[in-house]
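So the structure is just underneath, and the comments pick up after that.
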């Protein structure tokens, strides 16, 4: 499954919100440098979808606030 994620780095609180089908907004408390925010998003998605982090990969948007992730199901 592929999803689009709008990332809000440097947030006070980490959370995820489903916007519409296939789109999510994720707040992370990590800064957008050295992939720290990207890894934090993967951790949040892992908990939300109940899959290991190894099943989640960033397809597009490494340096953008709008990212596309692929979640491989079992």
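Listing for the model above:
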{"quantity": "Residue match in region 29-48 (condition: in a strand (DSSP E or B), modelled with pLDDT of 95 or more, surrounded by 12 or more Cβ atoms within 10 Å (Cβ to Cβ) and touching a strand residue (DSSP E or B) at 6+ places or on another chain (Cβ under 9 Å))", "calculated": "no"}
{"quantity": "All positions within region 50-67 that are farther than 16 Å from residue 30 by Cβ, free of Cβ contacts under 8 Å to residues at least 24 places away in the same chain and loosely packed, with under 15 Cβ neighbours inside 10 Å", "calculated": "50, 52, 54, 57, 60"}
{"quantity": "Filter result for residue 18 (assigned to a strand (DSSP E or B) and in contact (Cβ under 8 Å) with a residue 24 or more places away in the chain)", "calculated": "no"}
{"quantity": "Matching residues in region 1-28 - criterion: being over 12 Å from residue 69 (Cβ atoms) and surrounded by 19 or more Cβ atoms within 10 Å (Cβ to Cβ)", "calculated": "27, 28"}
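The values are calculated or read from the model by the stated rules, or taken from the named source; none is laboratory data. What you see is a predicted model, and the numbers here were worked out from it, not measured in a lab. So basically every Cβ, Gly included, is an ideal-geometry build from the backbone, and we count neighbours across all protein chains shown.
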